[in-house]
């Protein structure tokens, strides 16, 4: 899809249910007619995981807003409701929402209505989502924790070596002051 034919938006998985409810409410308030607009949304709305690229249809996204749908009926919707990626064993936290051009839907106006009602999950700017991805990447967090554990182990080994050899350990062991008799 090209830039002219669709809009893209990145959303945290925890905010997908709230976004879906706000979208459903905006559809109910629209002048076009809720049933016609719901059918258009099912055709023009989709989402994709930014890590594993699994696709979620507009119908499944609208299913997030309807708690009457049993979680057992669609395991992908159930996983999204729980705050996990639709694909089992994927640890991504973000989905890319794709809004395809449709003759019955004015996406900029509809999204503006959602943002004005607070359906975006805090009203974060698009640049903030990129910053969150960089700071909340699970792979990066695991790598950081491994490096931190490695540094801690090396520091402990250095302290044990210093103690064994009789050297000073800063802030722990005071150096001995020897008096020399003449």
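The values are calculated or read from the model by the stated rules, or taken from the named source; none is laboratory data. Not measured: the values here are computed from a predicted model. Don't worry about glycine lacking a Cβ; one is built from the backbone with ideal geometry, like all the others, and counts go over all protein chains shown.
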Selection status of residue 30, at pLDDT below 80, farther than 30 Å from residue 141 by Cα, within 19 Å of the chain's Cα centre (by Cα) and outside the structural domain of residue 142 (by TED's automatic domain parsing) = no
Exactly one of 47, 24 is in contact with a helix residue (DSSP H, G or I) (Cβ under 9 Å, 6 or more places away or on another chain), assigned by TED's automatic domain parsing to the domain that holds residue 102 and at pLDDT 85 or above, and that residue is 47
Filtering region 78-107 down to residues that are at pLDDT 80 or above and assigned to a helix (DSSP H, G or I) yields 78, 79, 80, 81
Pairing a residue in region 97-116 that is not assigned by TED's automatic domain parsing to the domain that holds residue 19 with any residue that is in a strand (DSSP E or B) and buried (at least 17 other Cβ atoms within 10 Å of the Cβ), where Cβ atoms lie under 7 Å and the two sit 6 or more apart in sequence or on different chains, gives none
